[in-house]
Amino acid sequence: MTEFRYSHIVGQYHRGHADLKNIRWAIQDINMDSEKVLTFVDNHDNQRGGFPVTIYKEARVYKMATSFHLAYPYGIPRLMSSFDFNGHDQGPPQDSNQNLLSPTFNADGTCNNGWVCEHRWYQIYKMIQFRNVVKNTNVENWWDNGWNKIAFSRGNRGFVAYATHEEGFDENLQTGLPAGTYCDLATGGKVGSSCRGLSMTVGGDGRARVYWPGGHSEGFVAFHVEEKL
């Protein structure tokens, strides 16, 4: 049941049904050694009901939850790659002879032809990169506003911030990162010598203005040292 409890925690907190600031205490209350726990946001069973989990149909919240899942150092993460469905017993995409259809791919690498392929969403595969870059670091510089916004660093290698509501985010925070300009993974990361989306400039003291506008399509930002200009 530990696995299901984790998916329940991550999905409910990122929907805004509980104070986001308490998510780390809820995870610690699972009370199992991290290396013995398989963690996930959803799977092929619970995404179809029975557990209050977040799935691809809630894209903004799903990306936030999966990002946190990969940014926070607890458990052995498992990612979802599914197909689109509208009914509980609906199977994978098939042709008129009930042969399974292969996915087709968009220019950005995401799937079509009835397949969702969450692992190909760039916000998710960029967070896999984040997890690899910050490996063996601890959660530091935790910040919260007492309710629906949190931020933390992974040592001096990475930094993330989240907000469960859509009014935006604008805070001056300690990031733990070396001075420089970093590209946000959630809005595209670094392309050549510039950022595709949002950026963050860290001063010599490690502090930075962490910002995204109200109504923004993503509910988080993520930065690491290999996406520095």
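List of remarks:
- Picking from residues in the stretch 61-74 that are open to solvent by less than 40 Å² (accessible area, probe 1.4 Å) and more than 9 Å from the chain's Cα centre (by Cα), the one that is farthest from Tyr125 (Cα to Cα) is Tyr74.
- Hits in the stretch 90-110 - residues which are hydrophobic (A, V, I, L, M, F, W, C) and touching an Asp or Glu at 6+ places or on another chain (Cβ under 9 Å): Leu101
- For the stretch 154-161, the criterion of being β-branched (Val, Ile, Thr) and touching an Asp or Glu at 6+ places or on another chain (Cβ under 9 Å) is met by none of the residues.
- Count of the stretch 161-189 residues which are open to solvent by 60 Å² or more (accessible area, probe 1.4 Å) and at pLDDT below 95: 3
- Cβ-Cβ contacts under 6 Å between residues 6 or more apart (or on different chains), taken from a first residue in the stretch 56-81 that is farther than 18 Å from Asn46 by Cβ and at pLDDT 95 or above to a second residue that is open to solvent by 30 Å² or more (accessible area, probe 1.4 Å) and assigned to a helix (DSSP H, G or I), are listed as Leu70/Arg131.
- Looking only at the stretch 4-53, and only at residues there that are open to solvent by 60 Å² or more (accessible area, probe 1.4 Å), at pLDDT below 80 and acidic (Asp, Glu), the one that is nearest to Trp147 (Cα to Cα): Asp29
- Filter pass, Ser96 being assigned to a loop (DSSP other than H, G, I, E, B), closer than 16 Å to Val41 by Cα and small (Gly, Ala, Ser): no
- The one condition in (1) farther than 24 Å from Val225 by Cα; (2) modelled with pLDDT of 95 or more; (3) hydroxyl-bearing (Ser, Thr, Tyr) that Ser96 fails to fulfil: (2)
- Annotation: of all residues in the stretch 137-157 being polar (S, T, N, Q) and within 19 Å of Met64 (Cβ to Cβ), the one that is farthest from the chain's Cα centre (by Cα) is Asn145.
- Looking only at the stretch 104-131, and only at residues there that are assigned to a loop (DSSP other than H, G, I, E, B) and touching a Pro at 6+ places or on another chain (Cβ under 8 Å), the one that is surrounded by the fewest Cβ atoms within 10 Å (Cβ to Cβ): Asn113
- Exactly one residue out of Val210, Val134, Val139 is of a type in the set (A, V, I, L, M) and either open to solvent by 30 Å² or more (accessible area, probe 1.4 Å) or without any contact (Cβ under 8 Å) to a residue 12 or more places away in the chain (or both): that is Val139.
The values are calculated or read from the model by the stated rules, or taken from the named source; none is laboratory data. No experiment lies behind these values; they were computed from the predicted model shown. Positions of Cβ are generated from backbone atoms using ideal geometry, with glycine treated the same way; all protein chains shown enter the neighbour counts. Ligands, DNA and RNA are stripped out before the accessible areas are found, and what is left, the full protein with its side chains, is counted by its heavy atoms. Shrake-Rupley method; radii C 1.70, N 1.55, O 1.52, S 1.80 Å.
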